[in-house]
Amino acid sequence: MDVAVAERAFQKLEANLEELTKIYRNLLEVVRKEKEILIRADREALDENNAIKEELLYKLRAQDSLRSRYAMDLATIVGADVENPRLLELAQKLAALPTAADRLRTQHAALDILIKRITDINKDNEEYTKSALKTLNGALDDVKEALSGKKTYEKKGGYKSGPQVSGNFVSKEA
């Protein structure tokens, strides 16, 4: 393994991981803000927040594809699994660069914590959203029922037509 080549490949991966960490931190703030907005039921703020969230997700996808490529490059150099490079495995294989290995472990831990927090808050937000939709649908059903009128006075039966001959006020069948 050429240490200089491995160092350059590591630096690319490290810069990418730092960018990913920054984006994930921004996403964490956005989902925390989303929770507050859902509690306040501010639709306009929620629309703005969702636009920011989508933009961050696009950036994450782009950075993640770069991360995958950089990790594959480093895996090729250090002799790790090229098809499915894992940060902790790469750190293990970087025995010649112990500080680089430590930084990879640290960045892996930071990303892991951020992703877990985002996932937990996002699950809470989903529950708030489902609860709000259930309440809203119940209110809409009540409004529909109030506007449709009462169904207890509908015409259900028909009048029996009597004989057409004059003078017969009462039917003989009665």
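The values are calculated or read from the model by the stated rules, or taken from the named source; none is laboratory data. Nothing here was measured: the structure is a model prediction, and the numbers come from that model. Because the Cβ atoms are built from the backbone with ideal geometry, glycine has one as well, and the counts that use them run over all protein chains shown.
List of remarks:
- Residues that are more than 22 Å from ASP120 (Cβ to Cβ) and either free of Cβ contacts under 8 Å to residues at least 12 places away in the same chain or within 14 Å of the chain's Cα centre (by Cα) (or both) within segment 58-67 comprise TYR58, ALA62, SER65, listed in sequence order.
- Restricting segment 135-153 to residues that are among the β-branched types (Val, Ile, Thr) and either within 16 Å of ARG40 (Cβ to Cβ) or in a helix (DSSP H, G or I) (or both), the residue that is modelled with the highest pLDDT: THR135
- Selection from segment 5-57 of residues that are of a type outside the set (A, V, I, L, M), more than 16 Å from the chain's Cα centre (by Cα) and farther than 25 Å from THR135 by Cα: GLU7, ARG8, PHE10, GLN11, LYS12, GLU14, ASN16, GLU18, GLU19, THR21, LYS22
- Screening ASP2 with (1) surrounded by fewer than 17 Cβ atoms within 10 Å (Cβ to Cβ); (2) within 24 Å of ILE113 (Cβ to Cβ) gives one miss only, at (2).
- Taken across segment 60-67, residues that are within 22 Å of ILE115 (Cα to Cα) and among the acidic types (Asp, Glu) do occur, with at least one present.
- Selection count, segment 74-105, where residues are surrounded by 18 or more Cβ atoms within 10 Å (Cβ to Cβ) and touching a residue at least 12 places away in the same chain (Cβ under 8 Å): 15
- Candidate set: segment 120-134, residues that are modelled with pLDDT of 80 or more, surrounded by 11 or more Cβ atoms within 10 Å (Cβ to Cβ) and not charged (D, E, K, R); chosen: the one farthest from LEU87 (Cα to Cα): SER131
- Residue pairs meeting the criteria (Cβ under 8 Å; at least 6 apart or on separate chains; first within 28 Å of GLU36 (Cα to Cα), in segment 132-147; second at pLDDT 75 or above and part of a helix (DSSP H, G or I)): ALA132/LEU38
- Residues in segment 21-50 that are within 13 Å of LEU104 (Cα to Cα) and either exposed (fewer than 13 other Cβ atoms within 10 Å of the Cβ) or at pLDDT below 95 (or both): there are none.
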